[in-house]
Each structure stands twice: as C-alpha cells, then as structure tokens.
Amino acid sequence: MTDAGHFPHAAAHGRSRPRGADEVVVILCTDGAGYVELRGQTYGVSPGDIVVIPAGAPHRYRADPLNPWTIWWMHVVGLDSDVFVTAIAESSTEFSPVMPAHDPYAARAALEHVLVSLERDDTVASLRSASGAAWGVLAQLAADRARGTAEAGDPILAVQDYLRENLHSNASVAELAKMAGFSDSHFSARFRHASGTSVVEYRKRLRSARARELLITTDASVAAIALAVGYDDPFYFSRHFRAINGTSPSQYREAFRDR
C-alpha cells in the first residue's frame, strides 16, 4: 500500500498521467459517474464499478461534469500486483479495466479498512493491516473475474441488490426467502455462503456503511441520518453503529473531519 483515499461527490476531479503511475491504481465508484481513458479506449464508470489500472500504463480519468462520482481508491505495489492485474483485467481475447463488483458493499468496506489503517499511524501493524485488506480486494476481484459476470438472475444477488436499494425495508428472512424462491433454511445458508454473514448482520452493515458516508459528506443530524438509513429510533441506530464501528456516530464524524 502506498496511498488511499475517499473523494465524495468529487466535482471537477480528474488526473492525467501520460507516463502512467508507478503503482497499480484501483478505484471503486459508489455514486455518480466518471470516465477512464486507457489504451486508446474510453470506458464509462458507474456506481458499483471497479477500475484497475496497470502500473506504468498511460491513462486519464475524470468525474462526469454533470453527475460527479464518489470514489474510494488505493495505489498498490508488490510482487503480486501485476499478477492480480492480469487476472482481473486481461484475458486471451480482451482487456477491460472496468468491471462491476460482485459485492460493492464488501469492496467499499475493504477499501475503507485500507484507508483507516493507513490514517491510524505508520507502524508496521497498521501498514500490514492496510496491505492485507488491499490484497484481499485484489484477490476477490480476480476471483470474481474468474467466475465471470454475475448472473442477473441469481436470486441471492437479487436479494442483496434489494437490501442495498431499500435500506428502509425490514423484510423478514421468510419474506426474503420467498423473494428468492427458497425455503427459509436453504435461503439463509446460501445467503451466508455468498456474503459471509447473516441477513440481519448484512442489513446492519449496509445501513452502517451508508450512515458513515452521510456523516462524512453531509451536515445532517444523527437523527436525520438514522431515518435516512432505516432507523426510526436514533438511539437504536447509535447502538448498532457503535457495535459495528466501535464509536458513536458523532464521534465518528468528528474523528474523520479532524484527520
């Protein structure tokens, strides 16, 4: 790991590197849109897309002027980095530096882990933590590319999409299982296998991720953010937020803005 960051609603953001970067550049778009120019091609970037730019490759990227992107990004170097880039972006027939993340929530959480680890301090422990998270992001992208494009008809992915797009939904496991066309027990097992956690925990973490973004990018009150992510009771929201993030919403906002 050499660098990482988060640019919310980055109007007029862009970089041009005629000689490329010394590192592999990884960008996750979580909102808005942007463009990447690489190897004579221009690629559109939408929410949920990940961009992987090889080290040394001349490139340009920029936010859409009318709908600027929100991105999480990192620069990485190392013996594995070129191997991962080949596995992620190249095949025998094509080169594609932009791909949809199979689970944008997990990708964002990992990149946030990278950033927080780097900003904590420059001890060996923090640098190892950041590098481990970065390695995990690249390994997951390589695995996703090997599996191929996520099937639009996959019922578990459809439920995950539903939960991401409907943070206010309190649909029960039985209701979500019915949506997927499985029994409750089979659905719960498949959901845990696909996401690594239960439906209840997945929904909490989705809401927490969106709350962190709102705390960073807006001045909305904690109560308003609680409502925005599906909690009628701000105290209940704060308990869940603290359990996941180890701090209160107000303390999280203050700590982030003091960095």
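The values are calculated or read from the model by the stated rules, or taken from the named source; none is laboratory data. On a predicted model such as this, the values are computed, not experimentally measured, just so you know. Cβ: placed from backbone, ideal geometry, glycine included. Neighbour counts: every protein chain shown. Heads up: the accessible areas ignore ligands, DNA and RNA and are worked out on the full protein's heavy atoms, side chains in. Shrake-Rupley method; radii C 1.70, N 1.55, O 1.52, S 1.80 Å.
Out of the residues in region 207-223 meeting the condition of being small (G, A, S) and without any contact (Cβ under 8 Å) to a residue 60 or more places away in the chain, tell me which one is nearest to P234 (Cα to Cα).
A223
Using the structure shown, decide if R145 is surrounded by 18 or more Cβ atoms within 10 Å (Cβ to Cβ), assigned to a helix (DSSP H, G or I) and not polar (S, T, N, Q). Give the steps one after another, and end with the answer.
Values: surrounded by 18 or more Cβ atoms within 10 Å (Cβ to Cβ): yes; assigned to a helix (DSSP H, G or I): yes; not polar (S, T, N, Q): yes.
Answer is yes for this residue.
Within region 44-63, is even one residue among the basic types (K, R), open to solvent by 50 Å² or more (accessible area, probe 1.4 Å) and under 20 Å from the mean Cα position of the chain (by Cα)? Scanning region 44-63, I find at least one residue that is among the basic types (K, R), open to solvent by 50 Å² or more (accessible area, probe 1.4 Å) and under 20 Å from the mean Cα position of the chain (by Cα), so the answer is yes. T42 satisfies every condition listed in (1) part of a strand (DSSP E or B); (2) within 18 Å of A142 (Cβ to Cβ); (3) among the hydroxyl-bearing types (S, T, Y) except (2). For F235, the conditions (1) closer than 20 Å to Y162 by Cα; (2) surrounded by fewer than 12 Cβ atoms within 10 Å (Cβ to Cβ) are fulfilled apart from (1).
When A226, A220, A209 are checked against the criterion of being outside any helix (DSSP H, G or I), of a type in the set (A, V, I, L, M) and closer than 30 Å to P68 by Cα, A220 stands alone in meeting it.
Check whether at least one residue in region 124-133 is open to solvent by less than 30 Å² (accessible area, probe 1.4 Å), over 23 Å from V159 (Cβ atoms), in contact (Cβ under 8 Å) with a residue 40 or more places away in the chain and in contact with a Ser or Thr (Cβ under 9 Å, 6 or more places away or on another chain), and report yes or no. Show your work before the answer.
In the first step, residues of region 124-133 are kept if they are open to solvent by less than 30 Å² (accessible area, probe 1.4 Å); the result is 126, 130, 133.
Of the ones still in play, those that are also over 23 Å from V159 (Cβ atoms) are 126, 130, 133.
Keeping just the survivors that are in contact (Cβ under 8 Å) with a residue 40 or more places away in the chain gives 130.
Then drop every residue that is not in contact with a Ser or Thr (Cβ under 9 Å, 6 or more places away or on another chain), which leaves 130.
The answer is yes; a qualifying residue exists.
Within region 246-257, not a single residue is closer than 19 Å to F7 by Cβ, buried (at least 18 other Cβ atoms within 10 Å of the Cβ) and in contact with a strand residue (DSSP E or B) (Cβ under 8 Å, 6 or more places away or on another chain). Restricting attention to region 150-194, the residues that are in a helix (DSSP H, G or I) and either open to solvent by 30 Å² or more (accessible area, probe 1.4 Å) or acidic (D, E) (or both) total 21. Going by the structure shown, is G34 touching a residue at least 24 places away in the same chain (Cβ under 8 Å) and either more than 23 Å from V83 (Cα to Cα) or aliphatic (A, V, I, L, M) (or both)? Judged against the criteria, G34 is a match. Pairing each residue of region 10-27 that is within 16 Å of A63 (Cα to Cα) with any residue that is among the polar types (S, T, N, Q) and modelled with pLDDT under 95, provided the two are 6+ apart or on different chains, yields C-beta distances under 8 Å for A10/T70.
Quick check on S96: is it among the polar types (S, T, N, Q), at pLDDT below 95, in contact with a helix residue (DSSP H, G or I) (Cβ under 7 Å, 6 or more places away or on another chain) and open to solvent by less than 10 Å² (accessible area, probe 1.4 Å)?
Values: among the polar types (S, T, N, Q): yes; at pLDDT below 95: yes; in contact with a helix residue (DSSP H, G or I) (Cβ under 7 Å, 6 or more places away or on another chain): yes; open to solvent by less than 10 Å² (accessible area, probe 1.4 Å): no.
No.
Annotation note: of R108, R145, the sole residue that is more than 26 Å from G14 (Cα to Cα), touching a residue at least 12 places away in the same chain (Cβ under 8 Å) and among the basic types (K, R) is R145.
Just so you know, in region 21-38 the residues that are part of a loop (DSSP other than H, G, I, E, B) and out of contact with any Pro (no Cβ under 8 Å at 6 or more places or on another chain) include one that is nearest to A4 (Cα to Cα), and it is E23.
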